[in-house]
Amino acid sequence: MKKIGFIGLGVMGGSIVKHFLKHGYEVFVYNRTQAKAAPYLAIGAKGCATPTEVANASEIIFTMVGFPQDVEEVYFGSHGIFQGDVAGKYLVDLTTSTPSLAQKIFVKGVERFAHVLDAPVSGGDLGAQKGTLTIMVGGIEEDYAALQKEFAVFGKTINYQGVAGSGQHTKMANQIMIAGTMTGMTELLVYANAAGLDVEKVLATVGGGSAANWSLSNYAPRILQGDYTPGFFVKHFVKDLKIALEEAKKLGLDLPATAQAEALYEKLENEGYGNDGTQSLIKLYWPEGIAPVSKK
Ligand code: NAP
């Protein structure tokens, strides 16, 4: 079994590390806030002081940090992965980041005889906990094929999308869809409640028809329970929608519905909800986070 390195022990990375440990892998971990590594060290992960140390100790190094600037630091920083011995090793970025940064890491990796893949995921915190994530992979196809066993540890739908950066482009397409399902789910709830309907009954009904989607079945119940914990952070969705719109612009595309979703989520972030889950979009309509009594 190959030695696994894992950098970034947040909502997603932490769950993935647990799967590798359960499958019997030796796992070397690093997180910026070191205290967050403690629960994983307690169940058998080995702690490292820097990303360079992780790179030196491991054969497949996964990164799952927050923003593109974090990815940049983890790979190219003074204690970064590329300061370590990476020849012959696999470097796999699971973060949702930019296609251009994925290409930059790929080029540097090739120079250093490493195998580089961009492999953002979808399926949320629950998909990470269950090990059923969708993984969208860019890079060299043989490198993707070589990691099938490791991807299967935390993923279910795992597909090769094309050259370096294609995984990130696929994830942007995914986020463009999610922009629609999150705004649609939010407005559905606001409308159904204002019309004086039994909202739970509406969900049970439309969720069985052509309005069915992941946001509806996973996030609407959290809203009705008043649960706004992340899940998927608002600040990360704003990041993703900005990347998607920038990439669309480079392609000469205008995506007005995605732009509207971005504006709504940016407003939500500016109102102080950046560290809440994306289901908190409804607070723009229901400031208390609970359905107001319908006037109807
Ligand atoms: P998170 O809980 O904020 O986790 C990110 C982790 O990366 C944090 O523990 C953070 O450390 C660490 N980190 C950041 N910069 C670092 C650095 N320079 N060196 C080492 N560690 C660093 O976020 P998440 O929800 O797991 O999401 C991670 C990525 O996956 C994001 O790009 C997100 O957009 C994407 N994603 C999330 C979901 C989801 O549903 N949550 C689904 C698909 C994709 P600190 O503790 O110091 O902050």
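The values are calculated or read from the model by the stated rules, or taken from the named source; none is laboratory data. The model shown is predicted, which means the values in this text are computed figures rather than measured ones. Quick reminder, even Gly has a Cβ in these numbers, built from the backbone with ideal geometry, and neighbours come from all protein chains shown. Note: areas computed on protein heavy atoms with side chains; ligands, DNA, RNA excluded. Shrake-Rupley method; radii C 1.70, N 1.55, O 1.52, S 1.80 Å.
In the chain, Cα pairs under 8 Å separated by at least six residues give a relative contact order of 13 percent. Straight-line reach from LYS249: taking Cα to Cα under 19 Å and skipping same-chain neighbours fewer than 8 places apart, the lysines in range are LYS171, LYS239. Sorting 112-121, 147-156, 263-272 by their mean Cβ neighbour count within 10 Å, with the most densely packed peptide first, gives 112-121, 147-156, 263-272. In a reduced charge model with +1 at each Lys and Arg Cβ and -1 at each Asp and Glu Cβ, region 216-296 shows a dipole moment near 200 debye about its Cα centre. Every pair of different Cα atoms in region 104-146 enters the Kirkwood calculation, which places the hydrodynamic radius at 11.6 Å.
Charge tally for LEU101 (other residues, Cβ to Cβ under 13 Å; Lys, Arg +1; Asp, Glu -1): -3. Relative to the globular-protein estimate of 2.2 N^0.38 Å, the Cα radius of gyration of region 3-162 stands at 0.92. Net charge of the neighbourhood of ARG32, taken over other residues with C-beta under 13 Å away and scored Lys/Arg +1, Asp/Glu -1, is -1.
Spatially, region 168-211 and region 259-285 are offset by 15 Å when compared through their Cα centroids. Residue order by solvent-accessible surface for LEU253, LEU9, LEU188 is LEU253, LEU188, LEU9, largest first, with ligands and nucleic acids left out and a 1.4 Å probe. With the biggest extent put first, the Cα atoms of region 170-284 measure 44, 32, 22 Å across the principal axes.
Can you give the relative contact order of region 123-249 as a percent, counting alpha carbon pairs under 8 Å and 6+ residues apart? Walk me through the numbers before you get to the answer.
On the way: 113 pairs, mean separation 29.8, N = 127.
23 percent.
For region 178-217, the average shadow cast by the Cα convex hull is 2.5 nm², which is a quarter of the hull's surface. Placing unit charges on each Cβ (+1 for Lys and Arg, -1 for Asp and Glu) gives the chain a dipole about its Cα centre, and among THR205, LEU117, LEU189 the Cα reaching farthest toward its positive end belongs to THR205.
Our helix-only sum for the chain, with -39,500 (n - 2.57) per DSSP H run of n ≥ 4 divided by its residues, gives a mean residue ellipticity at 222 nm of -14500 deg cm²/dmol. About its Cα centre, the dipole of the chain is roughly 460 debye, where the only charges are +1 on Lys and Arg Cβ and -1 on Asp and Glu Cβ.
Between 0 and 90 degrees, the angle of helix 256-268 with respect to the longest Cα principal axis of the chain falls at about 90 degrees.
What's the Cα-based Rg to Rh of region 1-63, Rh via Kirkwood?
Working: Rg = 10.0 Å, Rh = 11.1 Å.
Result: Rg/Rh = 0.90.
Rg and Dmax of the chain, both derived from C-alpha coordinates alone, stand at 20.0, 67 Å.
Using +1 on the beta carbon of Lys and Arg, -1 on that of Asp and Glu, and nothing else charged, what's the dipole of region 1-151 about the Cα centre, debye to 20?
On the way: 13 positive and 15 negative charges, 93 e Å.
Here the size comes out at about 440 debye.
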